[in-house]
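The values are calculated or read from the model by the stated rules, or taken from the named source; none is laboratory data. Worth saying up front: this structure is predicted, and the values here are computed from it rather than measured. Note: ideal-geometry Cβ built from the backbone for every residue, glycine included; neighbour counts use all protein chains shown. Protein only, heavy atoms only, side chains kept; ligands, DNA and RNA dropped before computing areas. Shrake-Rupley method; radii C 1.70, N 1.55, O 1.52, S 1.80 Å.
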Amino acid sequence: QVQLVESGGGLVQAGGSLRLSCATSVSGDIMAWFRQSPGKEREFVAGFKWSGGLLYADSVKGRFTISRDTAKNTVFLQMNMLKPEDTAVYYCAQDTSRTLHLIPYYFQAKNYEYWGQGTQVTVSS
């Protein structure tokens, strides 16, 4: 069983920062962060393409940075200039297909095989 474990969530004031971590049990090039708040669809936040290139949702571009430590099968999400609308449960996701995909593939939650249990991020005004 592939395991993903997120950590680093918490309560911060608007304008503050958090760093999320996701440790995976297997290697895989396609990794992503999604988030979901009550009553909303799970949405893509940031991720790595099969080629290693980075993708960001427009809502977080310029504020969030995704990175990875391939040797330790770990991905990170540095979240700066946080806004109340960033409040959500953040999930780490992995796709072990190791296959080239068109860009839209990476933004769809259904394409990711393995998920962590989520970590809560709450941003107060």
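Would you tally the net charge around N80, using a Cβ to Cβ cut-off of less than 15 Å, leaving N80 out, and scoring K and R as +1, D and E as -1?
+2
Sorted by accessible area with a 1.4 angstrom probe, largest first, how do L77, L18, L100 fall? All intermediate terms of the calculation are to be shown ahead of the outcome.
Values: L77 0, L18 25, L100 125 Å².
Of L77, L18, L100, the descending order of accessible area is L100, L18, L77.
Hey, any idea what % of the stretch 63-124's accessible area is carbon plus sulfur with a 1.4 Å probe?
54
What does the helix-only formula give at 222 nm for the chain: each DSSP H stretch with n ≥ 4 adding -39500 (n - 2.57), the total divided by the residues, and the result rounded to the nearest 500 deg cm²/dmol?
Value at 222 nm, helices only: -500 deg cm²/dmol.
For R63, R68, R19, what's the largest-to-smallest order of accessible area, 1.4 Å probe?
These residues rank, largest area first, as R19, R68, R63.
At 7 Å along the Cα-to-beta-carbon direction for both A71 and S124, put a label point, then send me their distance in nm to one decimal.
4.0
Based on the mean of other Cβ atoms within 10 Å per residue, sort peptides 29-35, 114-120 so the most packed one is first.
In descending order of packing, they fall as 29-35, 114-120.
For T96, T65, give me the order by solvent-accessible area with a 1.4 Å probe, most accessible first, ignoring ligands, DNA and RNA.
Highest to lowest solvent-accessible surface, that is T65, T96.
Can you give the accessible area per residue of the stretch 61-123, in Å², using a 1.4 Å probe?
52
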